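Below is one structure, written out as structure tokens; comments come after it.
The values are calculated or read from the model by the stated rules, or taken from the named source; none is laboratory data. Bear in mind that the values here come from a model prediction, so they are computed numbers and not experimental data. Backbone-built Cβ (ideal geometry, glycine too); neighbour counts: all protein chains shown. Heavy atoms of the whole protein, side chains included, go into the accessibility calculation; ligands, DNA and RNA do not. Shrake-Rupley method; radii C 1.70, N 1.55, O 1.52, S 1.80 Å.
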Amino acid sequence: MDKGVFISPFVRPRCLAAAAPAGKAKLTHPGKAILAGGIAGGIEICITFPTEYVKTQLQLDEKANPPKFRGIGDCVKQTVQSHGVRGLYRGLSSLLYGSIPKSAVRFGVFEFLSNYAKDESGRLDSTRGLLCGLGAGVMEAVLVVCPMETVKVKFIHDQTSAKPKYKGFFHGVREIVRAQGLRGTYQGLTATVLKQGSNQAIRFFVMTSLKNWYKGDDPNKHINPLITGVFGAIAGAASVFGNTPLDVIKTRMQGLEAHKYKSTLDCAMKILRYEGLTAFYKGTVPRLGRVCLDVAIVFIIYEEVVKVLNTVWKTE
């Protein structure tokens, strides 16, 4: 008989522990995710809104009429000349009021779903990350994004009118509801759900994949904020190239000329018929800049706020 140490078949060999993950990953309480997400969303939109403004203006500039803007620079130039630098922030209030709850819902729902989807070691695989992101995107679209985006697009579109009729966020919302009812704030719901669902599915899939790759066998490995930002920018870029056509359709369905379209499909067919395939990628460059910066900032702030909350809010 070999002189090695006898191991009973009823006892799990401890020597295999070295190959197992180094501890179980800590779960994030949905309450912390909601608070951290809201803070991250509010800070992010204040930084990146001008790029959102330019993107929306370019998407609303139809080829069916003589184009008003020759490009990004011309849009910025005309806006500043007509309305000053503050013109680039027209519609910020509507987006700010929505960005805080939007980001709160997104991260809260994602963490709630992912806590159930993680394996025994606390690891979330890429496929489940995609599904959790999809669920988060759909919820934020229905609860926050659709009414928020409708009001934002109408505000920005209103500025191009000879006599703007919306004097501010609350006045604008009151006028929209008075004229069109609550349905007036839910224009383009289908397109918004498709856009937000695919957006977050792509972003969380990419983010989960990159984080799993970086952490390897240690689910609790610290990730430097700069690395988190790079991963976020990559995830943001992937979502832009993946669903900008849906973003263009959503913007048209929520503009002041939305009455021209019978449905989301009708909008898509008319854009294709009258403006061509390239029209589905209008505003891609400014959206790319905004979204990459947006996602990077949000994930950095979110992760750092969660770390602070973990020290002052004990949930385990």
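Of all residues in segment 246-261, count the ones that are out of contact with any Lys or Arg (no Cβ under 9 Å at 6 or more places or on another chain) and either among the basic types (Lys, Arg) or assigned to a helix (DSSP H, G or I) (or both).
Qualifying residue count, segment 246-261: 2.
Quickly run through segment 139-195 and pick out the residues that are assigned to a loop (DSSP other than H, G, I, E, B) and open to solvent by less than 70 Å² (accessible area, probe 1.4 Å).
Thr160, Ser161, Pro164, Tyr166, Gly168, Gly181, Gln187, Gly188
Scan segment 219-228 and tell me whether some residue there is open to solvent by 20 Å² or more (accessible area, probe 1.4 Å), over 22 Å from Cys75 (Cα atoms), among the charged types (D, E, K, R) and in a helix (DSSP H, G or I).
The answer is no, given that none of the residues of segment 219-228 is open to solvent by 20 Å² or more (accessible area, probe 1.4 Å), over 22 Å from Cys75 (Cα atoms), among the charged types (D, E, K, R) and in a helix (DSSP H, G or I).
Out of all the residues in segment 48-70, which are of a type in the set (S, T, N, Q), in contact (Cβ under 8 Å) with a residue 60 or more places away in the chain and either closer than 23 Å to Gly197 by Cα or exposed (fewer than 14 other Cβ atoms within 10 Å of the Cβ) (or both)?
Correct list: Thr48, Thr51, Thr56, Gln59.
How many of the residues making up segment 46-94 are of a type in the set (S, T, N, Q), touching a Phe, Trp or Tyr at 6+ places or on another chain (Cβ under 7 Å) and at pLDDT below 85?
The qualifying residues number 3.
Among the residues of segment 71-110, what is the count of those that are outside any helix (DSSP H, G or I) and surrounded by fewer than 20 Cβ atoms within 10 Å (Cβ to Cβ)?
Count: 2.
Which residue is farthest from Thr190 (Cα to Cα), if the candidates are limited to segment 262-310 and must be among the basic types (Lys, Arg) and part of a helix (DSSP H, G or I)?
In this case the residue turns out to be Lys307.
Can you tell me which of (1) open to solvent by 20 Å² or more (accessible area, probe 1.4 Å); (2) in a helix (DSSP H, G or I); (3) in contact (Cβ under 8 Å) with a residue 60 or more places away in the chain is the one Gly242 doesn't meet?
That leaves (3) as the condition not met.
Anything in segment 285-295 that is at pLDDT 85 or above and open to solvent by 20 Å² or more (accessible area, probe 1.4 Å)? List them, or say none.
Listed by number, the residues that qualify are Leu288, Cys292, Leu293.
May I ask you to list pairs of residues, at least six apart or on different chains, whose Cβ atoms are under 6 Å apart, with the first in segment 71-87 being over 17 Å from Val285 (Cβ atoms) and the second being part of a helix (DSSP H, G or I)?
Here the result reads Gly87/Thr79, each pair linking segment 71-87 to a residue that is part of a helix (DSSP H, G or I).
Restricting the search to segment 32-45, which residues are modelled with pLDDT of 90 or more and open to solvent by less than 20 Å² (accessible area, probe 1.4 Å)?
If the condition is that a residue be modelled with pLDDT of 90 or more and open to solvent by less than 20 Å² (accessible area, probe 1.4 Å), then Lys32, Ala33, Ala36, Gly37, Gly38, Ala40, Gly41, Gly42 are the ones that fit.
To keep it simple, each residue is scored yes or no on (1) modelled with pLDDT of 95 or more; (2) among the aliphatic types (A, V, I, L, M); (3) over 22 Å from the mean Cα position of the chain (by Cα).
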residue	(1), (2), (3)
Asp125	no, no, no
Leu130	yes, yes, no
Val145	no, yes, no
Asp158	no, no, yes
Lys165	no, no, yes
